[in-house]
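Worksheet for the structure shown next.
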Amino acid sequence: MANASSTRRRPPRAQPTTPKSATTSPTTTPDEPEDTTSRVISPLDILRVILTLIFASCLLSYYLTSGTSLLFKYEPWFLNPSKLSHWWTGPIALTPDQLAHFDGSDPAKPIYLAINGTVFDVSAGKHTYGPGGSYEVFAGRDATRAFVTGCFLDDRTGDLRGAELIYIPIEDDPDEEISSGARKLRAEKERREAKRKVLDEVRRWEEFYKNHKKYFEVGKLVGVPEYTGEPPKLCDPAKKGRPKRKNMNSKKEKKKDAPGKPVQ
């Protein structure tokens, strides 16, 4: 028994165990050196590019327009003080008496004119519509009739009654072969067409001012009294410009006698 106990081997020494956290932790590597050659675009760089492009565009516009414009002759409305003021205040409503104060006699006020009840600012054409200008008769009033007849001094009114006569032929052909009934129907038809031409001419001028680059609409004319009594007489220049029935009939006869195209 003593020999068996003396010769018993000792158990092997336990090896030190490595902490689990140490074996599973990733291997750390030192930080990589920063790349000093790369550059981030800053907002200031973008602003410099934009300003450079704008400056180059202005120079190109100045060259192409022979020094007349830096924006390729583009005129934004917000750079026009009158348009900007109108945008801020909104549409206006003027009576004929109030409109008369905007005839260009006061340099501190804009120049207005009215056509077909619409008021336009024509201050940009002060040399034309202001005092001494060729169209000063239109300033500060509604002269719609004058736009149709061309009589600037005689027809400075918005009354269009009788203005259609300018398009109705003068009956100066007593030898015309036509019955009284046919003559009456023709006269009614020609008067309707003449009135339509008057309204078309008024609309044409109204669109001219609405689509103009410098003139613009500012409001409406209100409180216009109803036109009653005797209608205005047609001015002498308009009378002389009326078509004549005899000339119209002779043209029709010539057209009838003209040889037609040969049949192919």
Of all accessible surface on segment 84-171 at a 1.4 Å probe, what whole percent is carbon and sulfur?
55 percent
Just the accessible area for ILE54, please: 1.4 Å probe, Å², rounded to the nearest 10?
90 Å²
Which order do ASP159, ASP236 take when ranked by solvent-accessible area (1.4 Å probe, heavy atoms of all protein chains), largest first?
ASP236, ASP159
Translational D in µm²/s for segment 84-223 (Stokes-Einstein at 37 °C, 0.692 mPa s, Kirkwood Rh from C-alpha pairs)
196 µm²/s
Ignoring ligands, DNA and RNA, how do ARG191, ARG161, ARG196 rank by accessible area with a 1.4 Å probe, largest first?
ARG196, ARG191, ARG161
In the structure shown, of LYS197/LYS220; LYS197/LYS239; LYS184/LYS240; LYS126/LYS220; LYS126/LYS214, the pairs separated by more than 18 angstrom at the C-alpha atoms are LYS197/LYS220; LYS184/LYS240; LYS126/LYS220
How do the peptides 102-110, 117-125 rank, highest first, by the average count of neighbouring beta carbon atoms within 10 Å per residue?
117-125, 102-110
Tabulate in residue order the Karplus-calculated ³J(HN,Hα) for segment 41-56, using 6.51 cos²θ - 1.76 cosθ + 1.60 with θ = phi - 60°, rounded to whole Hz; enter x for Gly and Pro.
6, 9, x, 5, 5, 4, 5, 5, 5, 4, 5, 5, 5, 5, 5, 5
Ordered by residue, what ³J(HN,Hα) values in Hz, to whole numbers, does segment 92-103 give under the Karplus form 6.51 cos²θ - 1.76 cosθ + 1.60, where θ = phi - 60° and Gly and Pro are x?
10, 10, 10, 7, x, 5, 5, 4, 4, 6, 10, 9
Per residue, how many Å² of accessible area does segment 141-264 show with a 1.4 Å probe?
71 Å²
Phi-derived 3J(HN,Hα) across segment 177-182 with the Karplus relation (6.51, -1.76, 1.60, θ = phi - 60°), rounded Hz, x for Gly and Pro, is 8, 7, 6, 5, x, 5
Order of 220-230, 130-140, 202-212 by packing, highest average Cβ count within 10 Å first?
130-140, 202-212, 220-230
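The values are calculated or read from the model by the stated rules, or taken from the named source; none is laboratory data. This is a predicted model, so every value here is computed, not measured. Note that we place each Cβ from the backbone using ideal geometry, even for glycine, and neighbour counts take in every protein chain shown. With ligands, DNA and RNA removed, areas are computed over all heavy atoms of the protein, side chains included. Shrake-Rupley method; radii C 1.70, N 1.55, O 1.52, S 1.80 Å.
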